[in-house]
1. Since ARG142 meets every condition but one in (1) surrounded by fewer than 23 Cβ atoms within 10 Å (Cβ to Cβ); (2) out of contact with any Phe, Trp or Tyr (no Cβ under 8 Å at 6 or more places or on another chain); (3) not polar (S, T, N, Q); (4) not in a loop (DSSP other than H, G, I, E, B), which condition does it not meet?
2. Tell me the residue from ASP257, ASP284 that is charged (D, E, K, R), modelled with pLDDT under 95 and within 17 Å of the chain's Cα centre (by Cα), please.
3. Quick one: count up the residues across segment 214-260 that are of a type in the set (Phe, Trp, Tyr) and over 24 Å from TYR282 (Cβ atoms).
4. Residue check: is SER430 surrounded by 14 or more Cβ atoms within 10 Å (Cβ to Cβ), farther than 25 Å from TYR249 by Cα and either at pLDDT 95 or above or in contact with a strand residue (DSSP E or B) (Cβ under 8 Å, 6 or more places away or on another chain) (or both)?
5. Suppose we filter segment 381-418 for residues that are within 22 Å of THR285 (Cα to Cα), aliphatic (A, V, I, L, M) and in a helix (DSSP H, G or I); how many remain?
6. So, of the residues in segment 459-483 that are out of contact with any strand residue (DSSP E or B) (no Cβ under 6 Å at 6 or more places or on another chain) and over 27 Å from GLY521 (Cβ atoms), which turns out to be surrounded by the most Cβ atoms within 10 Å (Cβ to Cβ)?
7. I'd like to verify a number: residues in segment 106-139 that are among the hydroxyl-bearing types (Ser, Thr, Tyr) and either surrounded by 15 or more Cβ atoms within 10 Å (Cβ to Cβ) or at positive phi (or both), how many?
8. Need the failing condition index for ARG261 against (1) of a type outside the set (A, V, I, L, M, F, W, C); (2) touching a residue at least 40 places away in the same chain (Cβ under 8 Å); (3) within 30 Å of LEU514 (Cα to Cα), just the number.
Amino acid sequence: MNRKSTSAAGIWASLLLAFLLSFFAPVQAFLTNLNDFSFDFYDMAGYLAVLLILSFCFLFLITLLCRAKQKIESLWLVFLCTSILAFYLQGTFFASWLPTMDGSSFDWRSHAEQRWISLLLWAVPFCLSFALCKTLKAERFRTLISFASKAGLLFLLITMTLSIATTKNAMQKKTGVRVSSDHILTMSDDTNFIIVLLDCIDSHAFTDIILSTPSDREVLNDFTFYRNTVGSYNLTSHAVPYLLTGKWYENQEPYSDYLTRETGSSSLFQVLKEHNYRMGLYDDTVSVTSFALDNFDNIYPADSFSAPFKFCKMMIKLVGFRYLPFDCKPYCLLSPEDIYFDTLKGSPEESVFSWDNREFYQILQRESIEHIQEKNFRFIHLQGGHGGWQYNEFLEPVGQSNYEYGIKGSVFALKNYFQMLKEAGVYDNSVIFVLADHGANLVNEVYRSNPILLIKGFHEVHPLAVSDAPLSHEDIMEAYFLALDGCQSDELFSWQEGDERTRRYLIVNDNEDLVEMMQSGYAMDEETFSGTGVVYPHP
């Protein structure tokens, strides 16, 4: 037996497997989700290179140890071939069913057929590799593995290079920013404009759960609840920027270009700047722009991965989620908070903002209102009723919870927040919007078009009012300005109960195309919700 060809086969196969999982797969994941990461290609390339070297050295060491016995070495080569084929097929062609890693619960049992697909994806390559090992002479088998590994490595390099070349802004340098919870309780003795966004709270569910409970309803005194409101998009990533800019994104350009331009030119932010508002943006959906660094007093430059081990762990889990067999995937789930720059640039006491309902409540318990004389704007994006439920209605950890307690816990946080503002004497001089980015539908995510919208104007005092006026997120921007001009919550919209109106809503589908829908009836009525036939293809 030629030991050189034996070593070459193991080396090339080890290099191919290491490159596939440690470099190719993370880069493909990065390119596919370019707008979801705050880091850029340059930030991660060095760490991926280290992962590649370490994984290759590990596989190469096993290859050397297996040389002691020909049978063991042959089985090792069969394992390498099987792994390369199975991982590539699993991650490339059988990943479209995977859930989004946004904290939502997911029923893995409903996709049990994927377990059998995973078994086949491993069994067939193993049988093929084992059969070749048995039928071919040892020398020919090893020569075949060397050639196939070199060809596979070249194929992956070409594929990755073409993907980078054809993905717009793939190599664009991103501004690293970090969102802290600093000054979240800053309040003006002059004028406050507060937007509390409770993620994924549906107006219909909110009505059933909150308005039927007198104590919960009392928390919302002084507000008008516009429960017949149609949102803008079914996803947070698109809906939140719309609420702050009033500009539709229609796939006419890369999303990052839209986000950078419209955030920087938002009429809301420009008016607030002109009137010398201090601004705080407690949300990472729209913070990845240089505009955020210059204008919000809780956003800082970020060091690139000051915790490299955490970043590498995150990347390994991200690859595993896509490429590992079915039964391993649940252990590779990442929460939205896992994918970020780890620390802030600056003093260590700068705290990281989390949208978690309980963490916001804990801030209310341990900190006090910071009084300022300047006018003040705070945008606070909280978990609301979003998946990942783990608290009861008093935001106490209970392990497994549900959507109802997610909503109740959100109102409990609001109760404590409003009470704090009242005790500090800054509640009456505050305009407060409590709204959601989208509604919720546990059966069909298309119908998430009915988010909550509650508004309180300056010095507004009355029991909770409920209106069925046909509103839309398209009306929000004008409502902000009218409320700041002194209009009460029932004076912000020209639409009245009983008016007929058709309202626009865009759905981001699995291909990231935007599908236009129209609601011609009540916001939550699925019977009057229909497509227009207009589709904006992903650029």
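The values are calculated or read from the model by the stated rules, or taken from the named source; none is laboratory data. Fair warning: this is a prediction, and the values are worked out from it, not measured in the lab. Here the Cβ is made from the backbone with ideal geometry for all residues, glycine too, and neighbour counts use every protein chain on show.
1. (1)
2. ASP284
3. 1
4. Yes: the conditions hold for SER430.
5. 3
6. Here the answer is GLU460.
7. 2
8. (2)
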